[in-house]
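As structure tokens, the structure follows; a few thoughts come after it.
Just so you know, all these numbers are worked out from the coordinates, no wet-lab data involved. Here the structure is a predicted model, which is why all the values come from computation and not from measurement. Here the Cβ positions follow ideal geometry from the backbone for every residue, glycine too, while neighbour counts run over all protein chains shown.
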Amino acid sequence: MTYTRLTAALAVCTSLTLPALAQEATLTAVYSLPPTNDLMKSYFAFVDDVNANGEGILQIELRGGTEAIPRNEQMNAVARGIVDLYFGPGGYFQQQLPDLVPIDAASVPADKLRAAGLQDAIDAATRESAGVALLGLMGTGYAFQFYTIDEPPMVDGEIDLSGLKIRGGTSYGPMYEALGINRVDVPAGDIYTALERGVVEGIGFTTIGVSSGGWQDFLKYRIYPTWRQGNTIIAGNAEAIDALTDEQEAYLMEMIEKHEMEAYAAAQALEMVDTEALAAAGVTDIRLEGEAAAKITAAFQNTFWDEVAETMGAEKAQSYRAIVDTANAM
């Protein structure tokens, strides 16, 4: 056998005995929040961590935000495989993917929701309905509450928000109606002006981000309890995720689960920043207890699950509520 033929034979034998090396995978991503939004810090940290430690395994390429794909089209882009990943609020796409709605009713960190099976249940449903995989919950650690300009009156030991013009999106509608609130739909970017001009007398907003907006110039009362959790997510094109090797998918999910909890810790830290800034601005906390607190939380929970039942049927709504209740009790 000549040297050339021997070399070729050895090459064939080698290819038959050694496993083929998997190529590094790249997933493209789009996000819906402004890059300056505090919540985006956790997403950027996730991407940096994946890329720094995933050489030869998996990389994430950020395609940009709404300047790359308009917000209302981003989940469609993921479903169609134009991009592989979506970062941002799931609430923007709850009509398209109603199975994302139950996230709002949770009140515990992502690891407890995952242990209770919420991520898996939603993932199975959104894969079937739209070819979209729910990969992670990045919105635990912050919640929603009321802030007002003037101190609301107390009636029979309960706070009375009826008749107040309070900012809130359409999804807040049933709760606001139950509490007699006049809901005013104002985008977050316009809240300062709405407060300044007296368009609203208060806002329903997250436990973070108020001080960065400067809204404590007008808002002087922060009301507890909180009544809704954040719903920022990581979603992916199901086919793109399924095309990953076992090693690549395991690495991706390891990083997602790590950063779900880092996002939780980051949100808690941001909430403390807001608390300190609001206290310095003279904002007073009103902490309701007992039946007075239950009136607020029940106004959200009861109307929320009624709406879910109307959207997806009583049986499915009850199934989701059982998972969320289990997680919230952990």
field: Condition met for Ala294 (crowded, with 17+ Cβ neighbours inside 10 Å, within 27 Å of Ala116 (Cβ to Cβ) and aliphatic (A, V, I, L, M))
entry: no
Within the stretch 145-196, the residues that are among the aromatic types (Phe, Trp, Tyr) and farther than 19 Å from Gly214 by Cα are Tyr172, Tyr176
Against the condition among the β-branched types (Val, Ile, Thr), farther than 22 Å from Leu33 by Cβ and outside any loop (DSSP other than H, G, I, E, B), how does Ile166 come out, does it pass? yes
| Looking at the stretch 126-135, is at least one residue in a strand (DSSP E or B), among the polar types (S, T, N, Q), surrounded by fewer than 18 Cβ atoms within 10 Å (Cβ to Cβ) and free of Cβ contacts under 8 Å to residues at least 60 places away in the same chain? | no
Among residues of the stretch 76-112 being out of contact with any strand residue (DSSP E or B) (no Cβ under 6 Å at 6 or more places or on another chain) and among the aliphatic types (A, V, I, L, M), the residue surrounded by the most Cβ atoms within 10 Å (Cβ to Cβ) is Ile103
Within the stretch 171-201, of all residues that are of a type outside the set (A, V, I, L, M, F, W, C) and in contact with a Lys or Arg (Cβ under 7 Å, 6 or more places away or on another chain), the one surrounded by the most Cβ atoms within 10 Å (Cβ to Cβ) is Glu201
In the stretch 293-322, residues that are touching a Pro at 6+ places or on another chain (Cβ under 8 Å) and among the aromatic types (Phe, Trp, Tyr) total 2
